[in-house]
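Data block below; observations after.
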Amino acid sequence: MNYRLGRAATLLTFCIAAFSVSGCYDLFGDDVQDEANADPNATGENSPPTISGNPPPAVNVGDTYSFTPSADDPEGDPLSFSIENQPNWLEFDPSTGNLTGVATLGNEGRYEGIMINASDGDKTSSLGPFAIEITQVALGSATLSWTPPTENTDGSPLMDLSAYKIYWGTTQGVYVNSVRIDNPGISTYVVENLVPNTYYFVATSINGAGEESSYSNVAMKIVNSM
């Protein structure tokens, strides 16, 4: 399928292959609390915090892993978090307990014995241990091709075309990846190492003064697992 840019300075065409206390009363009418249902906090003893959650057990190479436990303290004390056996490809936030990161090539394998701890400064509760397994999936590609632009936006001839820039990402309008092509004679580029997902591509042209055009129209490709 062909995609034509909507800007005169970038007349590119893409072809993508592509949680009640109960009680009783004594004879004098005083409220006497049932000891079996007594509030443990009434004794002044500090209760440990609670922490729970279901960490994702696996993630594919190229995908984002993210997990934040649910935690609370019976007395309402502020909590801090710590982690044991943290995988080196993940980042940990001690203020929230969030564990996040992107698995890349070379991270494949099983990471075991991970524990997240919640502390109120006195007592600690733990979630885990749990494991995360990273698996590699077949990678795909997208072939982009275009017709070099010949005019500026004002209609004048484009005499100093210098480069192109290709942008792409998995959310339309958010392009976190890019590559610059400094040879204006090139009209085809292959974006490789794409994990299964839906990708959106746009392009710009750049003149000799380094001025970059606005984005082209959006081209899309779905990369399936193989």
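Bear in mind these aren't lab numbers, they're just calculated from the coordinates by the rules spelled out. All values derive from a computational prediction rather than experimental measurement. Cβ placement follows ideal geometry from the backbone for every residue including glycine, while neighbour counts extend to all protein chains displayed.
Structure notes:
- Residues listed by number, segment 90-110, amide nitrogen under 18 Å from T135 label point at 7 Å toward C-beta: 103-110
- Working note: Karplus 6.51/-1.76/1.60 with θ = phi - 60° gives segment 180-194 the couplings 9, 10, 8, 10, x, x, 7, 10, 9, 8, 10, 8, 10, 6, 9 Hz, where Gly and Pro are set to x.
- Near S162, the amide H atoms lying under 5 Å from its own belong to I206, N207, G208; only residues 5 or more places off or on other chains count, and H is placed 1.01 Å from N.
- Karplus-derived 3J(HN,Hα), 6.51/-1.76/1.60, for each residue of segment 73-89, Hz, glycine and proline x: 10, x, 8, x, 5, x, 10, 10, 10, 9, 9, 10, 6, 5, x, 6, 8
- As an equivalent ellipsoid, segment 49-135 spans semi-axes of 26, 11, 10 angstrom, where each value is the square root of five times an eigenvalue of the C-alpha gyration tensor, largest first.
- The label-point distance for T124 and D77, in a model that sets each label 7 Å from Cα toward Cβ, rounds to 1.3 nm.
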